[in-house]
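For reference, the structure is listed below as structure tokens.
The values are calculated or read from the model by the stated rules, or taken from the named source; none is laboratory data. Being a predicted model, the structure only gives us computed values, none of them experimental. Ideal geometry is used to build each Cβ from the backbone, glycine not excepted, and the neighbour counts take in all protein chains shown. Heads up: the accessible areas ignore ligands, DNA and RNA and are worked out on the full protein's heavy atoms, side chains in. Shrake-Rupley method; radii C 1.70, N 1.55, O 1.52, S 1.80 Å.
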Amino acid sequence: MKVDFEVNGRAVSVDVTPRMTLADCLRHELNLTGTHIGCEHGVCGACTVIVNGDAVRSCLMLAVQAKGAEVTTVEGLSLEEGLTPLQEAFKRHHGLQCGFCTPGMLTTLHALLSEEPEASEERIRDVISGNLCRCTGYIPIIEAAMDARAAYQQARGDK
Amino acid sequence: MKSSTHPQNTYIGGHVERVEDYRFLRGEGQYLDDISRPGQWHAAFLRSSLAHGTIRKIDASAALAMPGVHAVMTAADIEGNIPTIPFRRPNPTIGPYAQPIIAREKVRYFGEPIAMVLADTAELAEDALQHVVVEIDALPAVIERVHAMSDAVLIFEDTKTNIPTVFNAEKGDIEAAFAGAHYVIRDQFATQRQTALPMETRGLLAEWDAQLGQLTVSGAAKLPFFNRTTMANMMNLPEEAVDYIELDVGGGFGARGEFYPEDYLLALGARKFNRPIKWIEDRREHLMAIGHSREASCDVELAFSKEGVILGMRGDLYINIGAYVRPNGMTPVRNAAQFMSGPYRIPAIDLDAHAFVSNKTPAGTYRGPGRYEGCFFIERLMDQAAGALGIDRLELRRRNLLTHEEMPYPLATVLPSDGRAETQCDSGDHREPFETVVKESNWAEKAHLQGQLIDGRYHGMAIGSFIEGGASGPQENVRMQLEADGIVSLYAGSSAIGQGLETVLAQIAADYLELPMERIRVFHGSTTYLKQGWGSYGSRATVMGGNAVIDAAKKLLGEFRLHAAKRLGLAPEELTITEGVARAADGRSVPLVEVAKDGINVDGFFKNQTPTYTYGSAFAHVAVDPGTGHIEILDYVVADDVGRIINSMTLHGQVMGAAVQGFGSVFSEELVYNDEGQLLVGSLADYLIPLATDYPVVRCISLENYPSPTNPLGAKGAGEGGIIPVGGVVANAVANALSSLGVQPKILPLSPSRVWELIEDARARA
Ligand code: FES
Ligand code: FES
């Protein structure tokens, strides 16, 4: 069956089976392989994408459910070239090692900080506790998020 | 003449941001599941649902009839003997315990591969698994130590015992040590079965080129060259006909990249059907199929003099290695025996480490193999001994920690030899990180909190120490090539598993070539780059690869000198080389890029059979809630001396990440089996690794007071140390917190329910 939605600002129309997850659709039909799959049962958060502004686990959502939605993946968060302030902060604070959890961390934090640019450390920690990282111990990820808040605050101010 | 190879040292030791981050942060990393080939088939594995049994029948006809299903391969598709997985560190007695790459008559663990289904998509292959009929007659499952070691049920009917090897670690006169002891402590401890759990599950893509007779395996990690040799032998191909390609890897921690049964089956399928075959493990499968580790117990004693000086250590260690001896399944066993003495001066040692088989998933290594277990055992003994001897816990350690004057310090000799019977700590003074931690933790100011009940929680503290082996030999190779645009391409045999290898090798190359890092491009891990290489295991990539880079850099500059001299019509010695330019006394000069067209290509290598020993200490401050058994880590400080810091940022990342993994080991991660040998842990909701909210405080301090004398860089391995002391230090802090109740934790994990029970039992006794 056909499903139409928007990915990273681009209208797409994909032929999917009823049981295909949004994660598989993004990765294998649309070739957006930045979204990773670490468990397929909703625990690890590696597959997190932004659907209509909310961070969503794309392994728990069917592609057909994305009908009409606006979906943003890590590729959509990235600039043509260079790094966004959030990505820069991850690099500066060594918020990634193997990089496998990173796209999910970035999408989750982008959704959070876009809504709540003043989020406290505790709030950030709490939200990120739904995303597993086996490499970093999380501490540098939290530091990166704290550091990136300024850019989101400024973006809000600019609006 | 000015030395042309003296490093400027502008990158080494710095806080250098990683070059690999750019692609990872933009979602442009390339992990195995990100690649696909036209016409590829997908594999799914049918795995034993019983822990132990005899296979009666396999009927795949219904599965084969399904649309999109192309083949079901079983043991019947393999002519003659079923090949077994080779050992990386063989010893004389383990031969009969090797794992056949697919089960034929018998299954010996829950999850053992029985059949491989090949279909158009992964979903279809998985669907088809449900339609393969397998009949297995159950045999009694052997799960725990006493049953296994009784040999009442032999897991390998052609052997006489379930104990493939007993390693003995020996040193000094043990009888005399115990005969002369003022005090002896003896106790039993145990650590639970765990796994490394990288966030990316395993996977491989096998491709066969029928015209060239060439097999390409993508998804290599850790040991691309060893695995290539293994695969070539098993497939009856010359080594050059097999390539292992390394992509980005979502974590390894010792478990990923060993040769697994699936590797061979996928290659076999690719050749048989002349199709690319891809397989991605799902998480449930991962938990039952990837190497397990850490299931160890012991009964050991330590002898002390009146002054608290350790005189000797003896006893038995028991390691449940699961159903088969896997390539490095014996590493944790022999390590536990050799490294249990850790940072302490122990003149007499006699430890027997018994490896026994059981009907559980075969074991391999997980970060700090055998060392984490041994450290837990000895640190628990040390704290209990301090209490009995009436000596302050820190003071007892000061009297026994190794000093600089004693280096190199020989550890116990381990037999049967697996190639590394004898070893010695190479350099260092173990008192220095210890005192650093005492100071940084503010021990003196916090000492009064020990055992206190504050706001309903008991507070406790502890400091423990560890050693970490690194720089596993024998050799590492790199190749450097000067490209037309003046960039230096560096091809390394070391493989990347998320540890920032590209950055670290580029830093070293840049410093020794005196070039900006942007002019170095690192390629690694694939067998296509080099004729020979080794990989990343045993904390070796930086030391072995890094020193090979130095060798190559020197050779490249040597070539540059020759070619530049020829251009200027001078003798090579007449030139001075700095920062990529060769200069003559008369003011003429040749930049590096100019000689690029001469085709400059050099090989560098570093040979070293002598391991390095990083060492350090860690502090934990805990608060224990007696009502729930929940433990909070209020502060954690770890200091280690790594000989030479290459990149302080990635080093801290390794230590911190390892420490937090260690908290998972201590508190929550456990691969639980029932009596029938069924693994009860099937998802990340059951296997509880640390979350962002769990352990917000870890402080790391890195020292470089004692460079390793074994290599020109002076570096030591550093990826594993952070995890080694966590069990012992945290358990001691918990014992300290609950000292008024007399609670002594002896079994990990310290889950809330176990801690609560310990407290309730202690109260009932009182
Ligand atoms: S893959 Fe979706 S939460 Fe793990
Ligand atoms: S960086 Fe490896 S899992 Fe997070």
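Conditions tested, residue by residue: (1) out of contact with any strand residue (DSSP E or B) (no Cβ under 8 Å at 6 or more places or on another chain); (2) without any contact (Cβ under 8 Å) to a residue 40 or more places away in the chain; (3) surrounded by fewer than 18 Cβ atoms within 10 Å (Cβ to Cβ); (4) within 29 Å of B:Leu741 (Cα to Cα).
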{"position": "B:Pro591", "(1), (2), (3), (4)": "no, no, yes, no"}
{"position": "B:Asn601", "(1), (2), (3), (4)": "no, no, yes, no"}
{"position": "B:His621", "(1), (2), (3), (4)": "no, no, no, yes"}
{"position": "B:Asp635", "(1), (2), (3), (4)": "no, no, yes, yes"}
{"position": "B:Gly653", "(1), (2), (3), (4)": "yes, no, no, no"}
{"position": "B:Gly657", "(1), (2), (3), (4)": "yes, no, no, no"}
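Filtered by the rule that a residue be part of a strand (DSSP E or B) and either closer than 17 Å to B:Lys171 by Cβ or open to solvent by less than 10 Å² (accessible area, probe 1.4 Å) (or both), segment B:301-318 gives B:Glu301, B:Leu302, B:Ala303, B:Phe304, B:Ile310, B:Leu311, B:Gly312, B:Met313, B:Arg314, B:Gly315, B:Asp316, B:Leu317. Can you confirm whether B:Val697 is over 26 Å from B:Ile143 (Cβ atoms), of a type in the set (A, V, I, L, M, F, W, C) and not in a loop (DSSP other than H, G, I, E, B)? So B:Val697 fails the test. Scoring B:Gly677 on the criteria (1) over 19 Å from B:Asp641 (Cβ atoms); (2) assigned to a loop (DSSP other than H, G, I, E, B); (3) away from every other protein chain (no Cβ under 13 Å); (4) touching an Asp or Glu at 6+ places or on another chain (Cβ under 7 Å) leaves a single failure, condition (4).
Within segment A:29-86, the residues that satisfy the criterion of being away from ligand 1 (no atom under 15 Å from the Cβ) and within 19 Å of A:Gly130 (Cβ to Cβ) are A:Asn52, A:Gly53, A:Thr72, A:Leu77, A:Leu86. Looking at the structure I just gave you, is B:Thr201 within 14 Å of chain A (Cβ to nearest Cβ) and at pLDDT 95 or above? Yes, satisfied. Applying the selection to segment A:88-105, what residues are more than 7 Å from every other protein chain (Cβ to nearest Cβ) and part of a loop (DSSP other than H, G, I, E, B)? Within segment A:88-105, A:His93, A:Gly95 qualify. In this entry, B:Thr159 is excluded by the filter for residues that are open to solvent by 20 Å² or more (accessible area, probe 1.4 Å), of a type in the set (Val, Ile, Thr) and more than 16 Å from ligand 2 (Cβ to nearest atom). Would you say A:Arg125 is within 7 Å of chain B (Cβ to nearest Cβ), under 24 Å from B:Gly500 (Cα atoms) and more than 16 Å from ligand 1 (Cβ to nearest atom)? No, not satisfied.
Per the conditions (1) of a type outside the set (Asp, Glu); (2) over 26 Å from B:Gly27 (Cβ atoms); (3) surrounded by fewer than 24 Cβ atoms within 10 Å (Cβ to Cβ), the sole criterion not satisfied by B:Leu265 is (3). Only one of the numbered conditions (1) more than 16 Å from ligand 2 (Cβ to nearest atom); (2) out of contact with any strand residue (DSSP E or B) (no Cβ under 9 Å at 6 or more places or on another chain) is violated by A:Ala11, and that is (2). Residues of segment A:28-87 that are within 12 Å of chain B (Cβ to nearest Cβ), surrounded by fewer than 19 Cβ atoms within 10 Å (Cβ to Cβ) and either in a loop (DSSP other than H, G, I, E, B) or within 16 Å of ligand 2 (Cβ to nearest atom) (or both): A:Asn31, A:His41, A:Gly42, A:Leu79, A:Glu80, A:Glu81, A:Gly82, A:Leu83, A:Thr84.
The criterion of being within 16 Å of ligand 2 (Cβ to nearest atom), assigned by TED's automatic domain parsing to the domain that holds A:Tyr138 and modelled with pLDDT of 95 or more holds for A:Leu109. Within segment B:406-425, the set of residues being open to solvent by 50 Å² or more (accessible area, probe 1.4 Å) and under 21 Å from B:Pro86 (Cβ atoms) comprises B:Ser417, B:Gly419, B:Arg420.
Going through (1) within 11 Å of chain B (Cβ to nearest Cβ); (2) open to solvent by 10 Å² or more (accessible area, probe 1.4 Å); (3) farther than 26 Å from A:Val12 by Cα one by one, A:Glu116 falls short only on (1). Go through segment B:465-488 residue by residue and tally those that are assigned to a strand (DSSP E or B) and over 13 Å from B:Gly604 (Cα atoms). The number of residues fulfilling the criteria is 8. The helices (runs of 4 or more DSSP H) located wholly in segment B:163-276 that include 2 or more residues which are closer than 25 Å to B:Ile321 by Cα occupy B:224-235, B:261-273. B:Pro474 satisfies every condition listed in (1) surrounded by fewer than 24 Cβ atoms within 10 Å (Cβ to Cβ); (2) modelled with pLDDT of 85 or more except (2).
Filtering segment A:18-27 to residues that are within 12 Å of ligand 1 (Cβ to nearest atom), assigned to a helix (DSSP H, G or I) and out of contact with any His (no Cβ under 9 Å at 6 or more places or on another chain) leaves A:Leu22, A:Asp24, A:Leu26. Within segment A:90-101, the presence of at least one residue that is in the same structural domain as A:Gln154 (by TED's automatic domain parsing) and within 14 Å of ligand 1 (Cβ to nearest atom) is confirmed. If the condition is being touching a helix residue (DSSP H, G or I) at 6+ places or on another chain (Cβ under 7 Å), surrounded by fewer than 23 Cβ atoms within 10 Å (Cβ to Cβ) and among the aliphatic types (A, V, I, L, M), then segment B:163-211 contributes B:Ile163, B:Val184, B:Ile185. Taking the criterion of being of a type in the set (Ser, Thr, Tyr) and either in the same structural domain as B:Val300 (by TED's automatic domain parsing) or within 16 Å of ligand 1 (Cβ to nearest atom) (or both), the only residue of segment B:167-220 that qualifies is B:Thr201.
Suppose we keep only residues that are on the phi > 0 side of the Ramachandran plot and in contact (Cβ under 8 Å) with a residue 60 or more places away in the chain within segment B:9-31. Which one would you say is farthest from the other protein chains (Cβ to nearest Cβ)? Here the answer is B:Asn9. Each residue in segment A:106-130 was checked for being assigned to a loop (DSSP other than H, G, I, E, B) and of a type outside the set (Asp, Glu), and 5 pass.
Criterion first (within 16 Å of ligand 2 (Cβ to nearest atom), open to solvent by 10 Å² or more (accessible area, probe 1.4 Å) and of a type outside the set (Phe, Trp, Tyr)) does A:Glu143 satisfy it? When the stated conditions are applied, A:Glu143 passes them.
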